[in-house]
1. Given the conditions (1) surrounded by fewer than 19 Cβ atoms within 10 Å (Cβ to Cβ); (2) under 30 Å from Leu19 (Cβ atoms); (3) touching a residue at least 40 places away in the same chain (Cβ under 8 Å), report the number of the one that Phe172 does not fulfil.
2. Quick test for you: out of Phe187, Phe197, pick the one residue that is outside any helix (DSSP H, G or I), among the aromatic types (Phe, Trp, Tyr), crowded, with 17+ Cβ neighbours inside 10 Å and under 26 Å from the mean Cα position of the chain (by Cα).
3. Within region 294-345, which residues are crowded, with 22+ Cβ neighbours inside 10 Å, within 14 Å of Trp273 (Cβ to Cβ) and of a type in the set (Val, Ile, Thr)?
4. May I ask you to list the residues in region 272-287 that are in contact (Cβ under 8 Å) with a residue 60 or more places away in the chain, open to solvent by 30 Å² or more (accessible area, probe 1.4 Å) and not aromatic (Phe, Trp, Tyr)?
5. What helices (runs of 4 or more DSSP H) lie completely within region 1-94 and have 2 or more residues being aliphatic (A, V, I, L, M) and in contact (Cβ under 8 Å) with a residue 24 or more places away in the chain?
6. Residues that are in contact (Cβ under 8 Å) with a residue 40 or more places away in the chain, within 20 Å of Asp328 (Cα to Cα), in contact with a strand residue (DSSP E or B) (Cβ under 8 Å, 6 or more places away or on another chain) and open to solvent by 40 Å² or more (accessible area, probe 1.4 Å): does region 105-116 have at least one?
7. When region 227-260 is examined, which residues are found to be without any contact (Cβ under 8 Å) to a residue 40 or more places away in the chain, surrounded by 13 or more Cβ atoms within 10 Å (Cβ to Cβ) and under 24 Å from the mean Cα position of the chain (by Cα)?
8. Please specify each residue of region 208-226 satisfying the condition of being in contact with a Ser or Thr (Cβ under 7 Å, 6 or more places away or on another chain) and surrounded by 15 or more Cβ atoms within 10 Å (Cβ to Cβ).
Amino acid sequence: MRIITAISGGIDSSFALSLLVKQGHEVVGCFLVMSDGHEEDVDRARRVCELLKVPFYVIDIREKFNSEVIVPLITSYSNGKTPNPCVFCNPNVKFKTLFDLRNCYNADFIATGHYAKIYKNDLNYHLVRGKDPKKEQSYMLYRLPKNWLSSVIFPLGDLTKAEVKKKAREIFGNIFDDVEESADLCFLRRDETLRGFLSSRIDVKEGPILSLKGEFLGSHKGVGYYTVGQREGLGLPNGPWYVSEINASENALIVGRKEDLQRRFVKCYSPHWLEGLEIGKVYSAQHRYKTTPKPVALMDSGEEGFTVKALESPFWGVAPGQSLVLYDGDVVVGGGIIAGCSEAKEV
């Protein structure tokens, strides 16, 4: 089969590419340029493709990435929300570009180095958790269109990161010895922090840090630099304090104690579903990437959004702007963007 394969210059996508070559497929390696400062990654990806004797193309999608991911990200941080850019980049930019290339090259499939799986059952395709619980990335993929799943391959889904590193060394030698693990925010340069990236792009104003009772406790450096659940960087006496709420309209941070950040109900908007829903059914839910799944009951669902209730213990540090993803066992059901949360259902 002819397979368009995304290669980032990292160990995961490179080994995924090698697996497809070993299986005898006609593979095309594509590096998607989404931001500046990744010349070393491009060179490494080219070396990998040369070693594996597959065609290599560099596709510049910086303009689309900026409009679809960076601009909304900056707006979200400016409004006191904590976005997860990957969940929108994957369907709107990365996978969309790969599918465009698939059509252009009359290919059969696209492939990436994500740690996730596609499961086929009676002509129906499902997105499923990857084997490695520490690395699996189905959370980041929940917004992929359902009809894309039949044309996607995740070669690493049944492997652990440790297995990939060991087997990749046998093929590529020490090419990746000095390469840092891929960051979730791939658009940042190696020497750049998120705070540094935001500082030149959002309106930064100092403002008050208030207790849940409205008491003035100190000053913050700009609400765009903080997220719900954050402890570091507050500089307040009599701690520890945690960011409980970000009031962007008043340019204020609301802080509380750890127990004050517990929430039983979470409401989401912009829902995207890969599987059918059942009101009252118990699912497992993640409110951040790599958090421990928590059993929840689906309380309501509609075109505008849905609400879940944590059953065994409340959520902690739920940040508006992040995604809440629901699972039925290991199958990704879908999810939405967190709008708010509370101990009572009204949020």
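1. (1)
2. Checking each option against the conditions leaves just Phe187.
3. Within region 294-345, Val308, Val325, Val332, Val333, Ile337 qualify.
4. Residues satisfying the conditions are His272, Glu275.
5. Of the helices (runs of 4 or more DSSP H) lying wholly inside region 1-94, those with at least 2 residues that are aliphatic (A, V, I, L, M) and in contact (Cβ under 8 Å) with a residue 24 or more places away in the chain span 11-22, 39-52.
6. Looking through region 105-116, none of the residues is in contact (Cβ under 8 Å) with a residue 40 or more places away in the chain, within 20 Å of Asp328 (Cα to Cα), in contact with a strand residue (DSSP E or B) (Cβ under 8 Å, 6 or more places away or on another chain) and open to solvent by 40 Å² or more (accessible area, probe 1.4 Å).
7. Matches in region 227-260: Gln230, Arg231, Val243, Ser244, Glu245.
8. Of all residues in region 208-226, those in contact with a Ser or Thr (Cβ under 7 Å, 6 or more places away or on another chain) come to 208-209, 212, 217, 224.
Listed by number, the residues that qualify are Pro208, Ile209, Leu217, Gly224.
The values are calculated or read from the model by the stated rules, or taken from the named source; none is laboratory data. Model, not experiment: these values are computed from the prediction. Note: ideal-geometry Cβ built from the backbone for every residue, glycine included; neighbour counts use all protein chains shown. Surface areas here come from the heavy atoms of the whole protein model, side chains and all, with no ligands, DNA or RNA. Shrake-Rupley method; radii C 1.70, N 1.55, O 1.52, S 1.80 Å.
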